[in-house]
Amino acid sequence: SNISHQGDARNRRGLLHTIKEYYSHTEYQPTREQIEKNRYVFFGLLRCRPWMAIPAGILIQFCYGSVYAWSIFNGPINRLMTSDPNKGGAEVTFYIALGVLGITAAICGPWIETSHPRKSGTIGLVIFFSGHLTSALAVYTHMMSLLYFGYGFVAGIGLGIGYVSTIDAVSKWWPSARGTAAGCAVMGFGGGSLAFSAINKWLIDKTDLPMAFLVLGLVNFALMLVGIQFINPPPPGHNPDGVPMINENEQQQYTQHNNQNSAASDAEQGIEKPGRSPRMLGTLVADQPIMHVSLSEALRSRDYWLLYIAFLANIVFCLVIISNLPRIIDGLFGKGRKDPRDPPLAEYVAVSIEGGFNMIGRVMVGLLSDVLGRKTTFLMLLLTQIVVLIFIPITIRADSFWGFLALIWVATVCYGGGFGMIPAFLADMFGSNNTSSCHGIILTAWSIASVGGGLVFTGVVNHYLSHGSKPYESVMYTVNFMWMLALVIVGFVCCLFVRASIRDRMFPALPNQVIRIRIFGRVLRVL
């Protein structure tokens, strides 16, 4: 028995050591031959240029964004399998897919980081396509469990691998404009959710459900296969091997100072050299101080988990609203009211416009974060959502449809912006060599927000309905907005305590210092 226990202990230690080693090596190390091959894209026919990664990333993310149009399939699938479009389990497929996405991204992050992005991206799109084929078989055989496995589990795995591979590969080409680059790529995901709502409906109207899944899978596979041929990693040295000790606003001052010192030294020796200038677009200043951060150090950092909570708070509100906006509009402003009427704007149009604001927010906020800084921008997003959640119940009580919708759209910009800038935020804090791993793990917040937030929202609504409340009564929605407001406030406070700069994390505390935070560029100390 003792021998058996000792063997189990050794096996556990061996497993923990394997996991630790797996999450310790997160650097892509190409051979000389691979570096030469990486100079070309599209089967070696075209010279690789940094700008090529952005349209390719947008195209790939556009196809992956089709997952957000899943709600179009709910009614037809439920009608096919249960004869009632309002009853059935098709909705669960979407939650499974997003849940698996986050888990897959967390598990596969180190492997994605050490692999060629075209290799991991290709594997992701093949698995995503396999999920569509399995889904076609599931609806053909009327097997809901097979649909959960096919689209929820299999396609969810492909989505998790492909999403992280593409966005992180694109952002690494532009280390001085990571927010803009990642925002542009993620914009494709938002655009896909907008376009595929109409595409899915057209496929269902023109064909049957199995053929719709087959055609959708083939189209996505073909488009992504073309796009992935233009995804290459940047050459060695393009990104700093660690985290810069100075931010971009200080780079010019730092380089000018070095140049002046160098020029003075050269002048004393009678040497003339051409002036140097910082490379501010595409690459970072090469002679600035660098601090290497390992993945284990990043994941043990309190700042990573504070940012995790802030990101979760940023996305939960709109993730819940995306799947429930038609229901809310109908109950508060439409035919579900005590005095039934048509809402001023059709529900599907409101949802489509929301998708547009989601797409705009992803690139606009990413660009803004390059200018104002990641933490300042993220604090602005959370503060905006706090204001929105305070005023939404007021617009409901005032029966102001357009005021309600405008606030929803403003919050949606913040939601998309969080996804647009989080890869750049992580790269700035922990280094580009840890981006895929850190990004993959933080995407589990996406899973928690979509599944957990959706269940809590639905549970609150069902509780009030079961106790006699009517669909047009606002109390059930107000209660939901209140717990979301509390969560966003917690996220805002957590973001305040994120030490986004490596210097802030290393700076020693003053004697008797209770706390030190940096807010909107200013350091606040409490002694």
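Got a number for carbon plus sulfur as a percent of the range 362-509's accessible area, 1.4 Å probe?
Numbers: 3780 of 5040 Å².
Within the range 362-509, the accessible surface is 75 percent carbon and sulfur.
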Please name which of LEU218, HIS116, ALA106 has its Cα lying farthest along the dipole of the range 101-227 towards the positive end, using unit charges on Cβ (Lys, Arg +1; Asp, Glu -1) and the Cα centre as origin. HIS116
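Within the set LYS37/LYS375; LYS172/LYS375; LYS119/LYS201, which residue pairs have Cα atoms separated by over 28 Å?
Working: LYS37/LYS375 37 Å; LYS172/LYS375 20 Å; LYS119/LYS201 33 Å.
LYS37/LYS375; LYS119/LYS201, as the Cα separations exceed 28 Å there.
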Determine ³J(HN,Hα), in whole Hz, for all residues of the range 176-187 in sequence, where each value follows from phi through the Karplus function 6.51 cos²θ - 1.76 cosθ + 1.60 and θ = phi - 60°; x replaces Gly and Pro. 8, 9, 4, x, 5, 5, 5, x, 5, 5, 5, 4
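For the range 58-163, report the accessible area per residue in Å² (1.4 Å probe, heavy atoms, rounded to an integer). Can you show the working numbers first?
Numbers: 3600 Å² over 106 residues.
With the other protein chains kept in place, the range 58-163 gives 34 Å² per residue.
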Once amide H atoms are built 1.01 Å from N in the peptide plane, which residues 5 or more positions from TYR40, or in another chain, come under 5 Å H to H? CYS48
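So what is the accessible area of the range 409-470 per residue, in Å², with the probe set to 1.4 Å? Don't skip to the end; give the middle numbers.
Working: 1490 Å² over 62 residues.
Accessible area per residue, the range 409-470: 24 Å².
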By average Cβ neighbour count within 10 Å, what is the ranking of 374-382, 47-55, 167-175 from highest down? 167-175, 374-382, 47-55
Placed amide H near ILE519: partners under 5 Å, 5+ positions off or other chain: LEU524
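The values are calculated or read from the model by the stated rules, or taken from the named source; none is laboratory data. This structure is a prediction, so every number in the text was calculated from the model and none was measured. Glycine gets a Cβ as well: all are built from the backbone with ideal geometry, and neighbour counts include every protein chain shown. What goes into the accessible areas is simple: the full protein's heavy atoms, side chains included, and nothing from ligands, DNA or RNA. Shrake-Rupley method; radii C 1.70, N 1.55, O 1.52, S 1.80 Å.
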